[in-house]
């Protein structure tokens, strides 16, 4: 365990944001596992004894990771694209009765900004379908147990059904391909190669 002290009165807003803290939260203790990016929060008073117990607990795996979450916006489900945060992710994305297509984005990400209007159109296209939800989550300020996001945008499809497994979307990011993916139950049809061959003759 490497111990670092950070003066929150200095220019460290990016560090505070990363840990979901504000200046007013100081003094506060966080441990980050730099391999998994999991964060852990010390609850209670900062003393030598509590620090020791906290560090040992993180090393032993007995302390649960601290997940960032914004508050659920009042209008999260008013627009075509539903807004997810850490606190409502499970209830919405893992609903057994719904097929949920989620964009994990970062506000500063250029590709995410390009995708935004297409994602909005996709949500409008399926607005009258009760079984399909198009959603987005700011993954820089919200974290979910078991969901790791390493790049932006990351697109994942959570199919309906109890034993269903999430699907990582890796197709092209245009309205037509997204719609094909959704209409085909969360996978892209495998006819493209044959079409290419026919086109070549």
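The values are calculated or read from the model by the stated rules, or taken from the named source; none is laboratory data. Predicted, not measured: the structure shown is a model, and the values here were computed from it. Because the Cβ atoms are built from the backbone with ideal geometry, glycine has one as well, and the counts that use them run over all protein chains shown.
When residue 102 is tested against (1) more than 28 Å from residue 159 (Cβ to Cβ); (2) touching a residue at least 12 places away in the same chain (Cβ under 8 Å); (3) surrounded by 15 or more Cβ atoms within 10 Å (Cβ to Cβ), just one condition goes unmet, and that condition is (1).
Surrounded by fewer than 19 Cβ atoms within 10 Å (Cβ to Cβ) and in contact with a helix residue (DSSP H, G or I) (Cβ under 6 Å, 6 or more places away or on another chain), is that true of residue 118? In short, yes.
Just checking, does segment 68-79 include any residue being exposed (fewer than 12 other Cβ atoms within 10 Å of the Cβ), more than 22 Å from residue 3 (Cβ to Cβ), touching a residue at least 12 places away in the same chain (Cβ under 8 Å) and touching a strand residue (DSSP E or B) at 6+ places or on another chain (Cβ under 9 Å)? Within segment 68-79, not a single residue is exposed (fewer than 12 other Cβ atoms within 10 Å of the Cβ), more than 22 Å from residue 3 (Cβ to Cβ), touching a residue at least 12 places away in the same chain (Cβ under 8 Å) and touching a strand residue (DSSP E or B) at 6+ places or on another chain (Cβ under 9 Å). Among the residues of segment 134-152, those identified as in contact with a helix residue (DSSP H, G or I) (Cβ under 7 Å, 6 or more places away or on another chain) and either closer than 23 Å to residue 172 by Cβ or surrounded by fewer than 18 Cβ atoms within 10 Å (Cβ to Cβ) (or both) are 134, 135, 136, 137, 152. Just one of the numbered conditions (1) over 23 Å from residue 167 (Cα atoms); (2) at pLDDT 95 or above; (3) buried (at least 16 other Cβ atoms within 10 Å of the Cβ) is not true of residue 39: (2). Summed over segment 130-144, residues that are in a loop (DSSP other than H, G, I, E, B) and either farther than 21 Å from residue 17 by Cβ or at pLDDT 95 or above (or both) total 2. Checking each residue in segment 2-53 for being at positive phi and over 20 Å from the mean Cα position of the chain (by Cα) picks out only 44.
Can you pull out the residues in segment 147-184 that are under 10 Å from the mean Cα position of the chain (by Cα) and over 16 Å from residue 123 (Cα atoms)? Correct list: 147, 148, 149, 150, 152, 153, 154. None of 1, 102, 58 is in contact with a strand residue (DSSP E or B) (Cβ under 9 Å, 6 or more places away or on another chain) and within 30 Å of residue 123 (Cα to Cα) except 102.
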